[in-house]
Amino acid sequence: MISHVKSESPAKLYAEPTRGHVHLGMGLRAILFFVPVILVGAMLFLLLPPAPAAVILVIFAILAQIVVSGVRVAAEWERGVILRLGRLYGLKGPGIIYVLPILEHVRFIDMRLLALNIPSQKVITKDNVPAQIDGVLFFRVSDAERAVIKIQDYQFAIAQYAQASLRDVVGGLSLDELLSEREQIQRQVATVVEERIQEWGIHLDSIRLLDIEMPEDLKRMMSRQASAEREKRATITKAEGDKLAAVNLAEAAAIMQKSAGAMQLRALQTIDGLGPSPSNTVILFPVELLEVAKTLGQELGK
């Protein structure tokens, strides 16, 4: 018994961007914590009995940990948005910054050009043809403060708005326009998205469509249409070539008719072009006999 297993098409693999804050200050905080604790601990155990020295060292270590925890390092491409007691305090970075423990909170924003995948979207064109479109969106944060305050999650919001705009734009186009006007679609979607996300402190660089998928039966119909179109062009080209050849042959015949030896030379060229193959048998018949027979025929007719 042979079982037929239906093969599934492999899932597409998309590049995942590297997100999140780069923790550059961990080593610095460790040095700022352990060096003072070790020095103070050594002095306490030399000057005081072990029990009170240990208690004082633990208290000092807790206070040092609280103080050192506010030391942060922002990379060259990052900016830190500071919130003090819930209110916007300012923007810091790049480099070493200090955040007051408990009172302040920092959120690091990547200011580089970022790429965001637009998942495959099912759209219906103007002529009721289903299609699936996916793409990629390139943007950067131009105002870190507004990107934090104006929108909850700007990356998620941009992805959702780009998907909705892509469906709206493609829904107003026919299938032929969708396949041939890709650059126009990209510019139109980018314009719609840019007008909205400017309020969030974000600049859209570009939107690129990666793939356009259609049903298999529609693909076969388009393939047959393209084949028929190519066959049509080939037939027209051949007919135009035959017409041009006929015109040239007619002109050549008119020219040869004016010269008595032109037809003989043409006949000799044709015989020479046949080649010395044994399969070609050529019987030469004098042309003058044809002329004599034609003249006798005319005389007898009279």
(request) Return only the number of the condition from (1) hydrophobic (A, V, I, L, M, F, W, C); (2) under 30 Å from LEU137 (Cβ atoms); (3) surrounded by fewer than 17 Cβ atoms within 10 Å (Cβ to Cβ); (4) free of Cβ contacts under 8 Å to residues at least 40 places away in the same chain that VAL106 does not satisfy. (result) (3)
(request) Taking only the range 11-33 into account, find how many residues are of a type in the set (Val, Ile, Thr) and at pLDDT below 65. (result) 1
(request) Check the range 205-213 and report whether any residue there is hydrophobic (A, V, I, L, M, F, W, C), at pLDDT below 80 and out of contact with any Pro (no Cβ under 7 Å at 6 or more places or on another chain). (result) no
(message) I'm told ARG196 meets every condition in (1) surrounded by 14 or more Cβ atoms within 10 Å (Cβ to Cβ); (2) under 29 Å from VAL68 (Cβ atoms) except one. Can you identify the failing condition by its number?
(response) (2)
(message) Looking for something among the polar types (S, T, N, Q) and in a loop (DSSP other than H, G, I, E, B) - is there at least one such residue anywhere in the range 117-124?
(response) no
(request) Tell me which of these PHE139 doesn't satisfy, since it passes every other one: (1) of a type outside the set (A, V, I, L, M); (2) buried (at least 20 other Cβ atoms within 10 Å of the Cβ); (3) farther than 14 Å from LEU116 by Cα. (result) (3)
(request) May I ask you to verify whether SER142 is among the hydroxyl-bearing types (Ser, Thr, Tyr) and modelled with pLDDT of 90 or more? (result) yes
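Residues that are at positive phi and at pLDDT below 75: does the range 243-264 have at least one?
The answer is no, given that none of the residues of the range 243-264 is at positive phi and at pLDDT below 75.
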(message) Here's a check for you: in the range 164-176, which residue that is assigned to a helix (DSSP H, G or I) and in contact (Cβ under 8 Å) with a residue 40 or more places away in the chain is surrounded by the fewest Cβ atoms within 10 Å (Cβ to Cβ)?
(response) GLY171
(message) Looking only at the range 77-107, how many residues end up being part of a strand (DSSP E or B) and under 20 Å from VAL67 (Cα atoms)?
(response) 15
(message) For ILE158, only one of the following conditions fails: (1) outside the structural domain of ASP211 (by TED's automatic domain parsing); (2) under 22 Å from ILE207 (Cβ atoms); (3) among the aliphatic types (A, V, I, L, M). What is its number?
(response) (1)
(request) Go through GLN152, GLN160 for me and flag whichever is outside any helix (DSSP H, G or I), within 30 Å of LEU83 (Cβ to Cβ), modelled with pLDDT under 90 and not acidic (Asp, Glu). (result) GLN152
(message) Just the residues that are surrounded by 15 or more Cβ atoms within 10 Å (Cβ to Cβ) and touching a Leu at 6+ places or on another chain (Cβ under 7 Å), please, taken from the range 109-130.
(response) LEU116, ILE118, GLN121, THR125, VAL129
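The values are calculated or read from the model by the stated rules, or taken from the named source; none is laboratory data. Treat the numbers as computed from the prediction; the structure is a model and nothing was measured. All Cβ positions, even for glycine, are placed from backbone atoms using ideal geometry, and neighbour counts span all protein chains on display.
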